[in-house]
Structures are given as structure tokens and as C-alpha cells.
């Protein structure tokens, strides 16, 4: 007689259980050794994964091409200020201490970069790649020594009694380094000896204490390109207000590059040294804070790293607690945890290895990427789904063990649950796999990666788990003893007991089944209405999300505190300009280009929201068209000095032959928050205006290509792409999951109804989540994180069908022996407890994503050390929403809406089918 594939599979696993266990041990060891560490291949950022045709991406690529090696991609901004009142003379002491250290750091990095570019000594050639960097290093050391002299003048009468170091009380190291640089440059021996002598006076042991510049470890500062500060004679006035001072660190790294974590930590350490050494010279209340795009990005990545750590540990702890409550049997707690441990190690190692092969081209055509935050989704979904698979298998084994001997019971349990497990897994894998069609890279890669891990988890739970159960025998239920035909104890989270005939349906779930089958229309009507109320609210507010990267961090985050302090004294748009790139079809004389740019800048000042336009003629935008200026005035001198300053040289016009005399660059600053929808609208209007100029034959820009780059244009493109992805992915997920349900259940009407229930559940969950965080954040609420609606939709529609599949497949199985009413009651009674346990496990794993908010304060109350960093709101919001959605699916949709629907249509047709 032909046996089903599931039966043959179960027979192989339970007969060859020893080989199965050995195979998994070998696979885990080999893959773990061969795979790279997750952090070594994980990528980050949002803007980097937009489609290449988007204007912000194309603009970024053009900037890289036009200004190779010197383009600043992000920045950290040091804000020194007070909430109220002007800065005092003693406050300046702290600022000078900060700048002398900061300029020296710039000198070290620039000199190392010059060496890497081939500098070996002598005055640098004008066209040498190292020329820019060695000149910047010399200027930076000059500034460090100048700031040091001014700092020392202020504190000379009150020097601390601590022993002198390389940087305290004087910057001896700056003199020493400049002496070596001047010597390599070929400067006069007098200047060289003067610097050496000054260094030795300040620190006699400096020859043995100072490391040669080429050997210094400056990895944390590798991305530093320049420092613009308030003490600069030319650009300083733009960075100085009565109550605050700014120092802008220009970086080569993207705002969400992982290296920003180390750079931010190094800068915070430098600030800590300043505060320890100099803060006592001034009155309390002075703040030294770091903000800017790279600081926000670095803190966001740090928060994500903390969220991952908390999520992993809290997930394990919660599952251990739930399994202990459900089973009260040590081995039944250990087996799921061991199984999932193998699933996590094997799947993540496999994905890491495949990603590495994709990145280095080992497997042609393979296209995979992983992200730092992908690990959170893998851990929570794999732990949740994997535990569910194990729970369902063990529950069925408990039933089978009362009917037959252990080896046969193991085989029958695996064989009977294979269909349900595969069906539930396929809905999740196929649903998440639909993210592959997304244009946005993070969506495109994340879904399939989780799908691969889930398939590994399913394989583990249908091979390793039954193999371990088969090996251990009935003692896995210890201290409970399971004998053939011995009824089990009744428990809330365990399957309700029944006699072999199936006539009895005791316990809570038996009572629920009885009520639902007696009053199905009432249950369906009332249950559907109660879910529709928050569902309508969620539908109406689905797009009320925020793309503000800074709002991801709580108010306690230093970068947000710095942003607030900066906004009190400066226009926040100053540190987030919109870069306009215009490429002429043909080269034009330099004078003609400058004249055209000046005319364009004048017109741009009349555009809504524009406050400043920076051009080669006006590098800081200090001289708008309505500002009168005489030829001999101080302003005229400063304007000429700005045009020759390094911030203008090689910034507004490219020297790359292909783009020389063709590319024009302008920076436009808008009034308002660069992350807001209002600013995005103004920038879109600007782009339309510029495009119209390229189509006007009288404008001088006819036929030119216009591209925008910067934070706001990137957010505009991100919003456009993700909204388009949302529409397509939602349709694809619904269709794909529906087709899987039809294949698994073979009931079109019922499959369609199950899809409708999870859609209602999604919108109800979204509505309740919005209401919760509106109340939690109060006036600080600006919308849910923009990624939440899509991930919530995909995961709920996919994962939410698991429990429906478990229930319906059991109804169809019982219907082969019983009538529709008895089959439904028996299925609800038999699966109610275990599905509830599964739902609690899945919800607990999702809620663990919120642990970075509540775990550190709880741990500190009980005296345990905890690193309470800045929580990442997007992860917290998504974890809450997913946990809530699973609870609604478990306790409401599967408990009320699905059984009542089956009861109604079963009564009409005389069967459980529809």
C-alpha cells in the first residue's frame, strides 16, 4: 500500500534518530566555523538602499565622482552652550581646551592620510593627491598650538597640580608633531628646533612617550575630513551666537555607517577629557553635546545593538518561563530550547556564509545582504515559530503516547502534524518572501533571509526534535508518567482530555467550543464589530508615519539633546543643506558659469522657504542679494577671504576632467526641520523650479541635468519608494498566502475568510498601536516609524495564519471520523490549549523587542548593572504592535471568529467545508 510522504519521513527520522542527531551536530559545527561573524557582514543605513535611479542616489554618486576622496557624507556637530543667557569668558576656556585637542586630532588623521596617498617629504606638489592632506595637517597643528596658547593664558594662574602629560596642561604633542612635519616638509631648521624645544620644555619625556605618527592607532577617527569651528577667522562668525558655539566635524562615512559608533565614542571620550580637566574653571550649566547626522546615525546603531542584545536574552528567558509553566517537565523545556538553539546557529551561519559568497562573487547571481536589525527579526520569529512547531509536535505526541508504544507514537505524531507544520511554515515563508519584489533594499533582502531561517527551523523541528524525543523515550514527560490509555491531567494551557471516542469535551476549551457552536452568528457578529472599531481607525491613519531619523531616539539620547540646544540658537537647516548639482551638456567658460550661478542664486532666494544659498561667490551664504556692500568694507574683505578658504576650494566646481566647467554645485538651506513633510514639500517645489529652468531656452541652463542630494531629498525618495513598495507588497502577500491556504486546506471560501480575518486583525492592531503610542509619547508623538506598517502587515498576515492552519487542519482531520459539529468541538478542545501556549510564546518573543525600554530601569532597581542606552523607538513600536497582533489573533480571531464562521457554514452545508 502506498504510504504518504509524511509517513515515510516520520519513519526515517524515528528509526535513524541517532544519525539525524549526529548530522545536525556536524552541520552546526561546520557552518559555525566556516561562516563569518554577523557584525562583519551586516550593513546599515536606509538611503544607501534606494534604487539607483532616484535623484538623491544619483546625486550622491555624482558627488563621489566629481569630488573623489574629499566629499563629506555626514557630520558630527559639537554644540557648546547654555539653555539661557550668553556664554561667559570662563566658558571660553572649555571651548579652547576642546578645540586644541580636536585640531590636533585632525592633524594626526590628515598626516596619516597624506602618508597613505604617498607623501614621503618635501613641499607637496600642487597636483599631488597627498598635497591637500599634508597642508591640512600643518594648518591643523598650527590651530591646535594657537588654541593651546590662548587656553594656557586663561588658566596660567590656576594650574592643576596633576603631573604633566602629552596633552595637559599644554599640548606638548602638537609642538612635537609639528616639528616632525616641518622637518619632513623641509622648513627652516630654526622653526623645527623651536617646536622640538617647546615640546621638550612642556614634557621632557616626550621622545620616549610619543609614538611616530605613522604608527599611531587612529582607527576611530579614520573618517574625519575637516573641522570647522567658531574660532576660525573666516567661517567662525557663522558658527557663533551669544549663547552657543559650534564645531563641525566633516566625515567621509555615511550617516548610518557602523564606523560612526566608534567615531562617536572617541569624540565623547575627548569631550569627557575636556570636562574632567576644564569644566571646573567655569560656572555650572555649560553643556558640551554632540549632534549632527553622523551622531544621530551612530546613536541609532548603538541603540539597535542594545536592542538586539536585550531581545535575545529576554526572548530566551520568556520562552523558558512559558515552557516551564506549560509542561512542568525539565526535559520538555530542554528539547525545544536545544532544537531552536541549533536552528539559530545553523540558519544564521548559513545566511552569513551565503551573504559572504554573494558579496565576493563566489556564487554568480546570488544576491543576498543582511543588516544589523535583521538579526532581531530572525531571532524573535525563529524562536517564536520554532517553539510553536515543537509545542505542536509534543502536544500531538502526548496524545499518541496514550494510544500506542513509544516508537510508533513518535512516528505517528510526526506524520500527523507534518501537514499542519508545513502549511503554517509556508504561509510565513511565502508571505515574507514577497518582500523580494520591493525596490527598497532593506525590504528586498530582509524577507527572504527570514524565510531561509524559518525553513531551517522547520527542518530542525521535524528531524532533530523528534529524534531527541525518540531517543529519550516516555521519560521526557517526567515527573508526569504517560501510560497507554491513561487520561492526562487537565490544564489551561494543555490540550483538554477526552476519551477515545471523542465524545467528551471537558475543560475551558471544551466549554468555549460548546458556546461557539450553539451561538455562532452572535459570536461572529459581536466579535467582528468589536474588532472593526479600532480597525477603521487604523485604516484611516495607516500613513501617519514619520521618516524623521532623529525621532527614532528618545529625548534622553545625547544627539537629540544636542539638536534641541542647537535649535535654540541656530537654524537647524544649517547643518542639513540641500545640495543642488547642475551638469551642463557642454563645457562653458568659467566666467560665464560664475555669472549664471550668481543669477540663479538670486532667483533661488525668492523660492518659498529658502533662507540661504551657498555658492562659490558666497561660500557661506552670508551675502544675499539684498545686502549692500562697499568695495572697501570689512564685509568685502571677508567675502574675498571666504572665496579663497579651503571650504570653497574644490567644493563648488569639480576638477575632474570629465566634469570640469560643466558641473555646478550649490547648497540651499531651508527654514524648518529637514525631516518634516513641510520641508520636503518645499524641496520638491525647488526641484520642479530648477527643472523648469533647464527647459527654458533663455535661462542659460537649457538641456542641463539637475540632481539633488542631502537629507531631505533622500527622505523624499525614501518615502516615494516605500509607499510604492507598500502597495505592491501587500497585494502580493495577500495573494501568495491565499494560494498557500487553498493548497493546504483545499477550501477556497474558508481560505478567503481566513485572509479577511487577518486583514481586520492587522488594521485593528495598527489602530490600537497608534492610540497607545499617542498616549505614551504625548506631545512628542510625530507618528509611528515608517517601517512599522509594512513589517506589521507582512508578519501578521503570514505568521497570523499559523494558528488558523493548526485549527482548521485539525477540524478537517477530525471530520473524517466525526460529523461537522463534533469535529469542530473536538478540534477546538484538543488544540485550544496548545495554540494558546504557542500564541503566548510568539507574542512574548515579539514583546521582547521592547526590552530596551523597560529592562534597564528594572534591573537597576534590583541592583543589577545594566547599560541603559538610548532605546530605538522603531523597534520598540514594532515589537509592541507585533506582540499585540499575535495576542489578538490567538485569543480573538482563532478563538471566536474562525470557529464561529466554520460553525455557521458547516450548519448550512452539513459539513465543515465551505
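The values are calculated or read from the model by the stated rules, or taken from the named source; none is laboratory data. A quick note: this is a predicted structure, and the numbers were derived from the prediction, not measured. Cβ coordinates were reconstructed from backbone atoms using ideal geometry, including for glycine residues, and neighbour counts include every protein chain displayed.
Test residue 755 against the stated conditions and say whether it is in the same structural domain as residue 377 (by TED's automatic domain parsing), part of a helix (DSSP H, G or I), at pLDDT 85 or above and within 21 Å of residue 895 (Cβ to Cβ). It is true that residue 755 is in the same structural domain as residue 377 (by TED's automatic domain parsing), part of a helix (DSSP H, G or I), at pLDDT 85 or above and within 21 Å of residue 895 (Cβ to Cβ). On the stretch given as segment 67-99, residues that are at pLDDT 90 or above and closer than 30 Å to residue 658 by Cα total 1. Applying the condition of being under 24 Å from the mean Cα position of the chain (by Cα) and outside any helix (DSSP H, G or I) to segment 281-319 and asking which residue is surrounded by the fewest Cβ atoms within 10 Å (Cβ to Cβ) yields 289.
Counting only residues that are under 26 Å from residue 303 (Cβ atoms) and part of a helix (DSSP H, G or I), segment 360-376 holds 3 of them.
Looking only at residues of segment 100-122 that are assigned to a loop (DSSP other than H, G, I, E, B) and touching a helix residue (DSSP H, G or I) at 6+ places or on another chain (Cβ under 6 Å), we find that the one that is nearest to residue 570 (Cα to Cα) is 119.
Scanning segment 241-258 for residues that are touching a strand residue (DSSP E or B) at 6+ places or on another chain (Cβ under 7 Å) and farther than 24 Å from residue 144 by Cβ turns up 243, 254, 255.
Can you tell me how many residues in segment 121-138 are surrounded by fewer than 15 Cβ atoms within 10 Å (Cβ to Cβ) and at pLDDT 85 or above? Total satisfying the criteria: 3.
Residue by residue, here is whether (1) in the same structural domain as residue 375 (by TED's automatic domain parsing); (2) part of a loop (DSSP other than H, G, I, E, B); (3) within 25 Å of the chain's Cα centre (by Cα); (4) surrounded by fewer than 20 Cβ atoms within 10 Å (Cβ to Cβ) holds:
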{"residue": "48", "(1), (2), (3), (4)": "no, no, yes, yes"}
{"residue": "65", "(1), (2), (3), (4)": "no, no, no, yes"}
{"residue": "68", "(1), (2), (3), (4)": "no, yes, no, yes"}
{"residue": "71", "(1), (2), (3), (4)": "no, yes, yes, yes"}
{"residue": "84", "(1), (2), (3), (4)": "no, yes, no, yes"}
{"residue": "87", "(1), (2), (3), (4)": "no, yes, no, no"}
{"residue": "90", "(1), (2), (3), (4)": "no, no, no, yes"}
{"residue": "95", "(1), (2), (3), (4)": "no, no, no, no"}
{"residue": "98", "(1), (2), (3), (4)": "no, no, no, no"}
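This table checks each residue for (1) surrounded by fewer than 17 Cβ atoms within 10 Å (Cβ to Cβ); (2) assigned by TED's automatic domain parsing to the domain that holds residue 409; (3) closer than 27 Å to residue 349 by Cβ; (4) touching a helix residue (DSSP H, G or I) at 6+ places or on another chain (Cβ under 9 Å).
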position: 9; (1), (2), (3), (4): no, yes, yes, yes
position: 16; (1), (2), (3), (4): yes, yes, yes, yes
position: 22; (1), (2), (3), (4): yes, yes, yes, no
position: 25; (1), (2), (3), (4): yes, yes, yes, yes
position: 40; (1), (2), (3), (4): yes, no, yes, yes
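Inspect segment 687-698 for any residue being closer than 30 Å to residue 551 by Cα, surrounded by fewer than 21 Cβ atoms within 10 Å (Cβ to Cβ) and touching a helix residue (DSSP H, G or I) at 6+ places or on another chain (Cβ under 9 Å) and give the result as yes or no. There is at least one residue in segment 687-698 that is closer than 30 Å to residue 551 by Cα, surrounded by fewer than 21 Cβ atoms within 10 Å (Cβ to Cβ) and touching a helix residue (DSSP H, G or I) at 6+ places or on another chain (Cβ under 9 Å).
Restrict the check to segment 227-249 and report whether at least one residue is over 43 Å from the mean Cα position of the chain (by Cα), farther than 30 Å from residue 265 by Cβ and not in a helix (DSSP H, G or I). No; the residues of segment 227-249 include none that is over 43 Å from the mean Cα position of the chain (by Cα), farther than 30 Å from residue 265 by Cβ and not in a helix (DSSP H, G or I).
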